[in-house]
1. Here is a list of conditions, (1) over 22 Å from residue 33 (Cβ atoms); (2) surrounded by fewer than 18 Cβ atoms within 10 Å (Cβ to Cβ), and residue 71 meets all of them except one; can you say which number that is?
2. If we scan segment 74-93, do we find a residue that is charged (D, E, K, R), in contact (Cβ under 8 Å) with a residue 60 or more places away in the chain and within 25 Å of residue 167 (Cβ to Cβ)?
3. Being of a type in the set (Ser, Thr, Tyr), part of a helix (DSSP H, G or I) and at pLDDT 95 or above is true for just one of 90, 100, 73. Which residue is that?
4. Pairs needed: first member in segment 136-157, among the aromatic types (Phe, Trp, Tyr); second member anywhere, surrounded by fewer than 16 Cβ atoms within 10 Å (Cβ to Cβ); C-beta distance under 9 Å; at least 6 residues apart or different chains.
5. If residue 11 passes every condition in (1) surrounded by fewer than 13 Cβ atoms within 10 Å (Cβ to Cβ); (2) at pLDDT 95 or above but one, which one does it miss?
6. Hey, could you check segment 81-98 for residues that are in contact with a Leu (Cβ under 9 Å, 6 or more places away or on another chain) and surrounded by 13 or more Cβ atoms within 10 Å (Cβ to Cβ) and say which is farthest from residue 120 (Cα to Cα)?
7. Say whether the condition of being farther than 19 Å from residue 44 by Cβ and touching a residue at least 60 places away in the same chain (Cβ under 8 Å) is met by at least one residue in segment 105-127.
8. Given the structure, is residue 49 surrounded by fewer than 18 Cβ atoms within 10 Å (Cβ to Cβ), without any contact (Cβ under 8 Å) to a residue 12 or more places away in the chain and part of a helix (DSSP H, G or I)?
Amino acid sequence: MRLAIRIMGFVTATVVSGIALLPIAPSQAASGEEVIKARIDFMNDEIQGHWKPLAAFVRKGAGSLADVEKNATALAKLAEKIPPHFPKDTGRGKYPDKLTRALPAIWEDWAGFEKSARMLAEESEKLARLAKEGNKDAVVDLIGPSGSYAKTKIGCADCHNDFRGAAAKK
């Protein structure tokens with residue numbers, strides 16, 4: 001009986017110590033400025049990094065439909081990660097315009113914001129499918145003939161127009 005109590009005490013102490021040593025989740029530990037920087041890096045490096053080859057495909061004829069398929073597939077997966085990069089109170093109004101372009105409308109219309117991210121995912125999946133099928137005209141139409149975020153039909157423009165403010169003057 002004493003041995004059982006000692007073992008349970010040891011196990012309990014070990015579990016409690018282990019839990020106390022677990023790292024805090026990055027979103028809980030990071031400051032607002034760190035969250036904003038991580039968000040900007042994600043959007044520039046990941047999202048835009050996969051968008052540029054799509055824009056180059058329609059603007060310059062660069063790359064192939066296989067490249068479009070690969071980058072559109074990546075965008076579809078990355079789109080799901082957009083909302084978590086926007087925790088409450090990390091936009092304009094709480095932080096200077098020079099630091100972030102995220103408008104308060106994101107949190108005022110969270111469902112609309114999530115809908116825009118889902119649209120990007122769904123339309124990117126459609127784009128990947130069209131590229132795989134070899135339908136170049138439909139690919140160009142979906143990306144938009146200019147390859148610009150502002151003209152795309154895959155969801156970038158909706159989100160940027162509704163939830164992203166103008167760049168702050170330097």
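The values are calculated or read from the model by the stated rules, or taken from the named source; none is laboratory data. What you are looking at is a predicted structure, and each value in this text was computed from that prediction instead of being measured. All Cβ positions, even for glycine, are placed from backbone atoms using ideal geometry, and neighbour counts span all protein chains on display.
1. It fails just one condition, (2).
2. Yes: one or more hits.
3. 73
4. These pairs meet every condition: 149/48; 149/160.
5. Of everything listed in (1) surrounded by fewer than 13 Cβ atoms within 10 Å (Cβ to Cβ); (2) at pLDDT 95 or above, residue 11 misses just condition (2).
6. Residues of segment 81-98 in contact with a Leu (Cβ under 9 Å, 6 or more places away or on another chain): 82, 91-93.
With the extra rule that they be surrounded by 13 or more Cβ atoms within 10 Å (Cβ to Cβ), the set shrinks to 82, 91-92.
Numbers: 82: 10, 91: 21, 92: 23 Å.
Per the stated criteria, the residue is 92.
7. yes
8. yes
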